[in-house]
Amino acid sequence: MEFGRVTEQELDGIDFSLPKEPAFNKTVLKGKKFKNAKVYLGCAKWGRTEWVGKIYPPKTKEKDFLKHYVQHYNSIELNATHYKVYGEGGIKKWTANAAGRDFKFCPKMYQGVTHRGSLNGKQFISNEFFRGIVAFEEYLGPIFVQVSDTFSPKRKDELFAYLKTLPTDLQFFLEVRHPDWFKKDDIREEMFTTLKEMNMGAVITDTAGRRDCAHMHLTIPKAFIRYVGNSLHASDFTRCDAWVERMKYWMDKGLEELYFFMHMHDEATSPELTVYLVDKMNAAMGLDLIKPTFIKEEGKQKGLFD
């Protein structure tokens, strides 16, 4: 993910602390731990050639990447659906790799809907998108609707009108990026209140160059976090520590579902940071999340930073 990228020299000067817990969240979380809370963690793509020989066996072919990915993560933030409308056949091939697992695919809305022209008049292409998506069946997680960086609150009526047309039997999260959504309290609160009324979530994006997108608002008792690391820079680890603390707080207060997606500007080192994060989450939150297992070479497991 390139969004929010800064130079390595700038990283040391950024305040990565998470905002204080919004009072808004008290209207969403019930205040006590949800008995059957679900936690899912993954990356944005499974098709990373850099992971061959690291967490995928040497010489693994691209067609087999997903088969190995599901052994290391229990979800995927599926960006592939942003670039192409997939039919039932293609999606069933993906779900076959997750058979028997508690695994969730979280597809990103097709860009022909969200990034090309107005959101008005997009019902046909939206329906085509959903026609394929429902084939995920029990493996379908939340769908996230991302509008472009240039989509400002001046188009809020258009956005809210479109969101109201979406199927109510599917779970959606919205990601906005234009700075004006976050600058003024009234605009920000209207957006979150509207999402709450529609039972839709708000994506929280934590990236170096756009700290405003780490808004920490929960509009439903579910969280969808897009975390963007910086190739194992020291700040990646302290940021993960802060996130573990906040996620534990949310879980203790009644969060029902948590989706955390690990991004890097260079995805090669996503597995290493995932291991660090999962170890911290399991210890602090009493979880048993799976994590990447590194390929053993000559009888020894590769070190995290080899």
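Taken together, the values in this text are just the output of simple stated rules run on the coordinates, not laboratory data. Note that the structure is a prediction, hence the values are computed from the model and not measured. Ideal geometry is used to build each Cβ from the backbone, glycine not excepted, and the neighbour counts take in all protein chains shown.
Any lysines with Cα under 27 Å of the K33 Cα? List them, leaving off those in the same chain fewer than 8 positions away.
Qualifying lysines at Cα under 27 Å: K20, K104, K196, K222, K248, K253, K280, K291.
Return an integer: the convex hull volume of the alpha-carbon atoms of segment 35-301, in Å³ per residue.
Spread over its residues, the Cα hull of segment 35-301 gives 136 Å³ apiece.
Enter the Cα centre distance for the pair segment 164-183 and segment 1-29, rounded to the nearest angstrom.
19 Å
Taking DSSP loops as anything outside H, G, I, E and B, show the longest stretch in the chain free of GluC sites (Glu not before Pro) there with at most 10 other beta carbons within 10 Å.
Longest site-free region, per DSSP loop and neighbour criteria: 3-297.
Tell me, how many Å apart are the Cα centres for segment 48-67 and for segment 226-300?
Cα centres, segment 48-67 to segment 226-300: 21 Å.
Obtain the nm distance between the two label points defined at K84 and D149 by a simple spin-label model: each point lies 7 Å from its Cα along the Cα-to-C-beta direction.
A separation of 2.6 nm, rounded to one decimal place.
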